[in-house]
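Novice: The structure is given below, and queries will be raised subsequently.
FYI, it's all coordinate maths here, none of it is from the lab. Please read all numbers here as calculations on a predicted model, not as lab measurements. Quick reminder, even Gly has a Cβ in these numbers, built from the backbone with ideal geometry, and neighbours come from all protein chains shown.
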Amino acid sequence: MIDSHCHLDDAYFAAERSAVLDRARQIGVTAFVCVGVGRGTAAAEEAVALAAREPDIFATVGVHPHDAAVTTEAQWAELDRLARAPRVVGVGETGLDYHYEHSPRDVQQLAYRRSIALARATGLPVVSHVRDAHLDAAAILAAEAPAAGGVIHCFTGGVAEARAYLDLGHYLSFSGILTFKNAGNVREAAAFAPLDRILVETDAPYLAPIPHRGGRNEPAFIAETLGTLAGLRGLPAAEIDRATSENTRRVFRLPNAADSAARD
Ligand SMILES: [Zn+2]
């Protein structure tokens, strides 16, 4: 299994991080995409450093839509540099969040466009965070057309929204939300999307799946989401694991794990 989106910042996991990673490795997680956003560029720097130390961790760097209004030019310049560091496999998470609207919508849109421009310049895929803003996000993705495509992380739409992103060439990543009672539309989208276009993620430390809901999430809980996805699609979990792992490696262009055979 691959956790295609988790936050492993010192702020969340500091002292316990190696135990958290080991629990995930023990149940068969072979790679982690560590998303470095927030606290200026501190989280991005941590993600890049972590990826340099751990062979199964890869990094993304970016500006979260929540932080669009507070990101300085100096921080944008630093992100531009970090995006070119070894083992950085994507730009983000960036995007639009009209639910919390911590930054004004027009400022979020500009930051999203700027992030996609960085993705184009570096040849990296874009990791998009979209909440209550699917129409505007799809329009920006269509206009800015990141050449390496990208992932709609923690997808929260239904079939219509899924179709729009898939038509633009993006992948959909499903989180623990799939296990929540009130997420019928997301489950429909997860059953609808082609098998070669879906990913799984924890978004740890957020969004712990049932039965861990309400507590701190961690990459080992990816198994719950993967199992739910397998049930929805009527396929064995091993098949969903194989497909989502391949898809994650394809979109982020991760090297093939030498240990992926041993796990099976
Ligand atoms: Zn995230």
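Novice: So for PHE58, PHE180, fewest C-beta neighbours within 10 Å to most, what's the order?
Specialist: PHE180, PHE58
Novice: Right, next: Name the residues whose placed amide hydrogens come within less than 5 Å of the amide hydrogen of ASP97, ignoring near sequence neighbours (fewer than 5 apart) on the same chain.
Specialist: Residues meeting the criterion, in which the H sits 1.01 Å from N, are ARG131.
Novice: Where does each of LEU207, LEU110, LEU199, LEU229 land when they are ranked from fewest to most other beta-carbon atoms within 10 angstrom?
Specialist: The fewest-first ordering by Cβ neighbours comes to LEU110, LEU207, LEU229, LEU199.
Novice: Please give the peptides 60-73, 93-106 ranked by average Cβ packing (other Cβ atoms within 10 Å per residue), highest first, as a rough proxy for protection.
Specialist: 60-73, 93-106
Novice: Could I ask something else about it? Helix-derived [θ] at 222 nm for the chain: sum -39500 (n - 2.57) over DSSP H runs of at least 4, divide by residue count, nearest 500?
Specialist: Calculated at 222 nm, the ellipticity per residue is -13000 deg cm²/dmol.
Novice: Could you please rank ARG187, ARG39, placing first whichever residue has the fewest other Cβ atoms within 10 Å of its Cβ?
Specialist: Arranged by neighbour count, lowest to highest, ARG187, ARG39 become ARG39, ARG187.
Novice: Divide the volume of the convex hull of the Cα atoms of the stretch 146-203 by its number of residues and quote the answer in cubic angstrom per residue.
Specialist: 73
Novice: Follow-up. In Å, what is the Rg of the alpha-carbon atoms in the chain, and how long is Dmax?
Specialist: In order Rg, Dmax, the Cα atoms of the chain give 16.8, 49 Å.
Novice: Using Cα-Cα distances under 8 Å and only pairs 6 or more residues apart, what relative contact order does the chain have, in percent?
Specialist: Averaging sequence separation for qualifying contacts and normalising by length gives 18 percent for the chain.
Novice: Report the net charge of residues surrounding ALA68, where surrounding means a beta-carbon distance below 11 angstrom and charges are Lys +1, Arg +1, Asp -1, Glu -1.
Specialist: -1
Novice: Now for a separate question. Given H placed 1.01 Å from N in the peptide plane, which residues other than close sequence neighbours of ALA204 have an amide H under 5 Å from its amide H?
Specialist: Distant-sequence amide H within range of ALA204: HIS7.
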